[in-house]
Amino acid sequence: MRGTNVPRMTTALITGATAGIGAAFARRLAAQGHNLVLVARDTARLREQATELHDRHGIEAEVLSADLATDGGIEAVEKRLADRRHPIDLLVNNAGFGNKGRFLEVSMADELTMLKVHCEAVLRLTSAAVAGMRERGRGGVVNVASVAAFVPRGTYGASKSWVVQFTQGAARDLAGSGVRLMALCPGFVRTEFHERAGMGTDNIPNWMWLDADKLVASALTDLTRGKTVSIPDPRYKALMGLVKVAPRGLLGGVTSRTGRKYGPQ
Ligand SMILES: NC(=O)c1ccc[n+]([C@@H]2O[C@H](COP(=O)([O-])OP(=O)(O)OC[C@H]3O[C@@H](n4cnc5c(N)ncnc54)[C@H](OP(=O)(O)O)[C@@H]3O)[C@@H](O)[C@H]2O)c1
């Protein structure tokens, strides 16, 4: 990977690459000279982005339209990840979304869709990618979780908690194989996330907002340093330090109020 210590990483596959954090990964990796496979549902937007990154950085950018809330969509990406002739060196499992509302206010269908995209797709795509990476003795996986993983916060927080635990466990199992896995845990990031979920953001203080490009730069540095969990900003590192020592009951009270006002991040 140019500009880092991870050697010979040449093609990265990013899910949720059309907006927000995923688009920031695409910009940064393209600028470093990596070829890309861009995954999301909006084909026109994917094509536009692929053309722009190709024209600006001279890299190859493949478009793979897939809805990761469906078996067919997950299978299409699994197939691409397992293609030994065109290996993927870095997988970024980033696609995700929020559901507005407390438990029981969100429909069961929407809760299950979240688990499909945040957990099942991450499990299946990580497995599909890592099998070949282990054979080649190199590769990386970044699973985008959230600081919501560390506080009681409904299905969203629980799904992100699963991402962190799963990634830490898989990283331990693959230690010494040359494959690095890392869970990325951002706080509030300015993206399309909150607007798409219909969540207001007026009450979120300015200091809590992170910039997607800076977040991604720190995340890739943490990956090269071999971290398995990355909380890329000092403000959130400090907050999560407090969360570790705060009583669970108190956290539950705070997040059940602020979580619904601000929405999950
Ligand atoms: N923004 C925050 O404050 C924040 C904080 C912590 C963690 N995160 C996490 O960061 C990740 C990215 O979120 P973001 O803030 O960048 O959100 P975003 O700006 O809304 O982007 C979400 C991306 O995911 C894609 N996507 C959504 N559902 C999909 C599906 N079913 N299949 C395939 N692609 C899908 C979207 O593209 P299409 O619509 O074209 O499919 C889009 O490219 C998520 O996992 C989120 O939970 C966000």
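If the cut-off is a Cα-Cα distance under 15 Å, which aspartates and glutamates reach K214, setting aside same-chain residues fewer than 8 apart in sequence?
Cross-link targets: D222, D233.
How about K160: which aspartates and glutamates have a C-alpha closer than 17 Å to its C-alpha, ignoring those fewer than 8 places off in the same chain?
The reachable aspartates and glutamates, counting only those whose Cα sits under 17 Å from K160, are D110, E111, E120.
Whenever you get a sec, line up T221, T155 from highest to lowest accessible area (probe 1.4 Å, protein heavy atoms).
Working: T221 60, T155 35 Å².
Descending accessible area places them as T221, T155.
Of R102, R153, R138, which has the largest mean-square fluctuation in a 10 Å C-alpha GNM of the chain?
Maximum among the listed residues: R102.
What nm distance separates the two modelled labels at E135 and Q165, each placed 7 Å from Cα along Cα→Cβ?
3.2 nm
Helix 43-57 versus the longest principal axis of the chain: what is the Cα-based angle in degrees, 0 to 90, to the nearest 10?
That helix lies at roughly 60 degrees to the long axis.
For each pair in K116/K237; K100/K227; K79/K116, compute the distance between the two Cα atoms and list the pairs where it is over 27 Å. Don't skip to the end; give the middle numbers.
Details: K116/K237 29 Å; K100/K227 32 Å; K79/K116 18 Å.
From K116/K237; K100/K227; K79/K116, over 27 Å: K116/K237; K100/K227.
Please report, in debye to the nearest 20, how large the charge dipole of the chain is about its Cα centre when each Lys and Arg carries +1 at its beta carbon and each Asp and Glu carries -1 there. Spell out each step's value before the answer.
Numbers: 35 positive and 25 negative charges, 179 e Å.
In debye, rounded to 20, the chain gives about 860.
Estimate the FRET efficiency between R235 and D110 by the formula 1/(1 + (r/R0)^6), using the beta-carbon distance for r and 41 Å for R0, to the nearest 0.05. It would help to have the intermediate numbers written out before the result.
On the way: r = 31 Å, r/R0 = 0.75.
Step by step, r from the Cβ atoms, then E = 0.85.
For a quick check, take a GNM of the chain with Cα springs below 10 Å and name the residue from M133, M182, M199 with the largest mean-square fluctuation.
Greatest mean-square fluctuation among the candidates belongs to M199.
In deg cm²/dmol, rounded to 500, what helix-only [θ] at 222 nm does the chain give when every DSSP H run of at least 4 residues adds -39500 (n - 2.57) and the total is split over its residues? Display every interim value, and only then the final one.
Numbers: 10 runs with 126 residues, N = 265.
After summing the helix terms and dividing by the residues of the chain, the value is -15000 deg cm²/dmol.
Amide H neighbours of L91 under 5 Å, at least 5 residues apart or on other chains, H built in the peptide plane: list them.
So L91 has HN proximity to L13, G140, V141, V142.
Modelled label-to-label distance, E195 and K244, 7 Å Cα→beta-carbon offset: nm?
3.7 nm
What angle do you read, to the nearest 10 degrees and between 0 and 90, between the alpha-carbon axis of helix 248-262 and the longest principal axis of the chain?
It is inclined by approximately 80 degrees.
Which FRET efficiency, nearest 0.05, do N206 and Q32 yield, Cβ-Cβ r, R0 25 Å? Display every interim value, and only then the final one.
Values: r = 30 Å, r/R0 = 1.21.
Once the sixth-power term is evaluated, E becomes 0.25.
Could you state the angle between the C-alpha long axis of helix 71-81 and the longest principal axis of the C-alpha atoms of the chain, as a value from 0 to 90 degrees rounded to the nearest 10?
50 degrees
Which residue, chosen from V142, A12, T221, occupies the Cα position most advanced towards the positive end of the dipole of the range 11-257, where the dipole is computed from +1 (Lys, Arg) and -1 (Asp, Glu) charges on Cβ about the Cα centre?
Of the listed residues, the answer is T221.
Quick one: compute a quarter of the convex hull surface over the Cα atoms of the chain and quote it in nm².
Working: hull surface 53.9 nm².
With the hull built on Cα positions only, its mean projection is 13.5 nm².
The values are calculated or read from the model by the stated rules, or taken from the named source; none is laboratory data. Source: prediction; values computed, not measured. Here the Cβ is made from the backbone with ideal geometry for all residues, glycine too, and neighbour counts use every protein chain on show. Ligands, DNA and RNA are excluded from the accessible area calculation, which covers all protein heavy atoms including side chains. Shrake-Rupley method; radii C 1.70, N 1.55, O 1.52, S 1.80 Å.
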